[in-house]
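Student: Can you read through this structure? Questions will come right after.
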Amino acid sequence: MFHKNIKLVIAGLIIAYAVYQFVEGNIGNGIFLLLLSSIFIFLYFRNEILLLAFFKMRKQDLEGTKSWLDKIKNPEGSLVTKQQGYYNYLHGIIYSQKNLTQAEKYFRKALKLGLNMDYDVAMAKLSLAGIAMQKRRKREATTLLNEAKKLDKNNMLTEQIKMMQQQMKRI
């Protein structure tokens, strides 16, 4: 895995060499090199390790997801800000099974750094509401639940939100 700025430098060098190939009359080589540079540009915006971690998460393999995330040694240097948000979001999901204090820390950091999709923000807020509810912070849990409800535009989390609201009445 390369540092995020090294990926851009490599892409720039490949594009420069592609332009040289165009000038020399090797159009096919230039086109191939431009396509090759697009891979590095894509990997700048979508980190390869995070993509593999999401594939593992999709299969409900939390240990595999954690092993992929552990390969990112320096998230601040290797990832763009939104990617750092998803890095922390995945860690929050993993730790929500084991350690709620750690999970809360990761979810809050993910929300602070930002997530692209409203569904992901809603899921993080719903998880934080569940953690706050378990720690007997009813007012914070209610606020987070209402925010998650507003963000859930496709009504994918309505059952979980209703279930948590029922549990809130017992507290």
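Student: So, in Å, what gap is there between the alpha-carbon centers of region 9-48 and region 94-171?
Tutor: About 43 Å separates the Cα centre of region 9-48 from the one of region 94-171.
Student: Let me ask another. Count neighbours as other Cβ atoms within 10 Å of each site's Cβ, and list the trypsin sites (Lys or Arg not before Pro) in region 1-84 that are DSSP loop with at most 10 such neighbours.
Tutor: Lys59, Lys73
Student: Structure shown: which of Lys112/Lys138; Lys105/Lys162; Lys4/Lys138; Lys98/Lys138 lie over 31 Å apart, alpha-carbon to alpha-carbon?
Tutor: Lys4/Lys138
Student: If you average 1/r over all unlike Cα pairs in the chain and invert the result, what Kirkwood radius do you get in angstrom?
Tutor: Taking the inverse mean of 1/r over all distinct Cα pairs, the chain comes out at 18.1 Å.
Student: Out of the trypsin sites (Lys or Arg not before Pro) in region 86-171, which ones are loop residues according to DSSP with at most 16 other C-beta atoms within 10 Å?
Tutor: Sparse-neighbourhood loop trypsin sites (Lys or Arg not before Pro): Lys98, Lys135, Arg136, Arg137, Lys153.
Student: Just from its helices, what would the mean residue ellipticity at 222 nm be for the chain, if runs of 4 or more DSSP H residues each count -39500 (n - 2.57) and the sum is divided by every residue, rounded to the nearest 500 deg cm²/dmol?
Tutor: -25500 deg cm²/dmol
Student: Might you tell me the accessible area per residue for region 1-124, computed with a 1.4 Å probe and given in Å²?
Tutor: 58
Student: May I pose another question? At a Cα cut-off below 18 Å, give the aspartates and glutamates reachable from Lys149, other chains included and same-chain residues fewer than 8 away excluded.
Tutor: Within reach: Asp118, Asp120, Glu140, Glu159.
Student: Counting only protein heavy atoms and using a 1.4 Å probe, what share of the accessible area of the chain belongs to carbon plus sulfur, as a whole percent?
Tutor: 58
The values are calculated or read from the model by the stated rules, or taken from the named source; none is laboratory data. The structure displayed is predicted, hence computed values, not measured ones. Note that each Cβ is placed from the backbone with ideal geometry, even for glycine, and that neighbours are counted across all protein chains shown. For the accessible areas, the whole protein counts, side chains as well, though only heavy atoms, and no ligand, DNA or RNA atoms are used. Shrake-Rupley method; radii C 1.70, N 1.55, O 1.52, S 1.80 Å.
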